[in-house]
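Nothing in this text is a laboratory measurement; each read-out follows from the coordinates by a stated rule. As the structure is a computational prediction, the values presented were derived from the model and not from experiment. We place every Cβ from the backbone using ideal geometry, glycine too, and count neighbours over all the protein chains shown.
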Amino acid sequence: MKKYLILSLFTALSILIVPLCVYGIFSDTSINRIPELHSVPQNIGDISFDTIKVYNSQNERTETLDFREYIIGVVAAEMPVEFHSEALSAGTVTAATLARKKLLSGADEALDGAVISTDSTKHQAYMDKEEMKERWGEDFNEYYEKLCTAVDNAIDYSITYEDELIVSVYHAISPGITENAENVWIGGFPYLVSVDSSGDKLSPKYSSELKLGFEEFHAAMTEQGVTLPEDKTLWFDSGEYTEAGTLKSINIGDKSFSGEELRDIFSLRSNAITLSMNNEGITFSVKGYGHGVGMSQYGADYLARQGYTWQEIIKHYYTGVEIEII
């Protein structure tokens, strides 16, 4: 196998983890821009994947965890346990691939010697067994057994592209089509391209809205250094969109904003945003939840319920990849 190139993951997207109907919680593992490439000095055979050093963002401590225990905790935190087992196994492979990629890149001084953190806005969320018991209550034994089975079915595998571990990013719900990475970040990857995810439209949290009065919107834009004309009908244009529905840019007053910027300013669920105006104010209509790149978690659950295996789910969302035991 070729020497791996490691992509350091960074993110500036701040994602709120909130309840999503009966499906529990979603979080949004993402990167903000195309990472720099770094060569790995040691051979992959020199790296142990039995344990992993994790920086716990809650108690601000570095902990050495059994790799299986860590992945169980990640999947529990990142995906609703009510999802189909094949979807949970797909989530296992994405989580394990990211974790192994970070292990290969080595300790991070900014993480007190850990290789990855439990901060879901930067890396992957994590839930320990006690937190699972608290969340699942009397259903703990049933859910934990289901989760462990799903994880054990897939934990030995990783996703590769041309013999390199991929940046296996994922999100909660797409707008119905996943997004090309280069339409969200500065650069892209050949395996992170737009694919159909129409099952996401069935999610009870597929769409959301934010309504602001004219004064609220004006104040928010003023804080961003925007000068709005007196004529409200000229406050913003129709915007420019990708085929997947991501807002590429929109002119508001005398400034231009990307969908990512508006998402951050107004704490919206995704970059698939349209603005409209009526007599009462401005409405932000949003489709999906997350950056829209890579695997959709809800879409994975939908495909699993249509009979897809976890391997088929992975190969649907990540184009041209292989699934290997690493």
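As an exercise, find the ratio Rg/Rh for the range 44-121 from alpha-carbon atoms, using the Kirkwood inverse-distance average for Rh.
Radius of gyration over Kirkwood radius for the range 44-121 works out to 0.98.
Translational diffusion coefficient, Stokes-Einstein: compute it for the range 124-172 using the Kirkwood radius over C-alpha pairs as Rh, at 25 °C and 0.890 mPa s, and state it as an integer in µm² s⁻¹. Don't jump to the answer; show the numbers that get you there.
Details: Rh = 13.2 Å.
The calculation lands on 186 µm²/s.
Which links in Lys122/Lys146; Lys201/Lys287; Lys232/Lys255; Lys53/Lys101; Lys205/Lys287 stretch past 18 Å when you go from one Cα to the other?
Lys122/Lys146
With 14 Å as the cut-off, how large is the P(r) tail for the range 207-287, expressed as percent of Cα-Cα pairs?
Everything past 14 Å amounts to 59 percent.
So, by mean Cβ neighbours within 10 angstrom, what's the order for 74-80, 259-265 with the highest one leading?
Working: 74-80: 26.6, 259-265: 19.9.
Listed from highest to lowest mean packing, they are 74-80, 259-265.
About the Cα centre of the range 269-326, how large is the charge dipole given +1 on each Lys and Arg Cβ and -1 on each Asp and Glu Cβ? Please answer in debye to the nearest 20.
In debye, rounded to 20, the range 269-326 gives about 160.
Quick one: P(r) of the range 234-326 from all Cα-Cα pairs, 5 Å bins, percents rounded to integers, in order of increasing distance.
Per 5 Å bin, starting at 0, the Cα pair percentages come out as 3, 12, 19, 17, 13, 11, 9, 8, 5, 2, 1, 0.
Give the relative contact order (percent, whole number) for the range 207-287; include only Cα pairs under 8 Å separated by 6+ residues. Can you show the working numbers first?
Numbers: 128 pairs, mean separation 27.5, N = 81.
In percent, rounded to a whole number, it is 34.
Give the label of the value calculated from the structure for percent of Cα pairs over 30 Å apart, choosing from [x] 40; [y] 32; [z] 35.
Matching entry in [x] 40; [y] 32; [z] 35: [z].
Please give the calculated 222 nm ellipticity per residue for the chain, where each DSSP H segment of at least 4 residues contributes -39500 (n - 2.57) and the sum is spread over every residue; nearest 500 deg cm²/dmol? Display every interim value, and only then the final one.
Numbers: 8 runs with 89 residues, N = 326.
Estimated from H runs of four or more residues: -8500 deg cm²/dmol.
Count the net charge of all other residues whose Cβ sits under 12 Å from the Cβ of Gln306, scoring Lys and Arg as +1 and Asp and Glu as -1.
My count for the surroundings of Gln306 gives -2.
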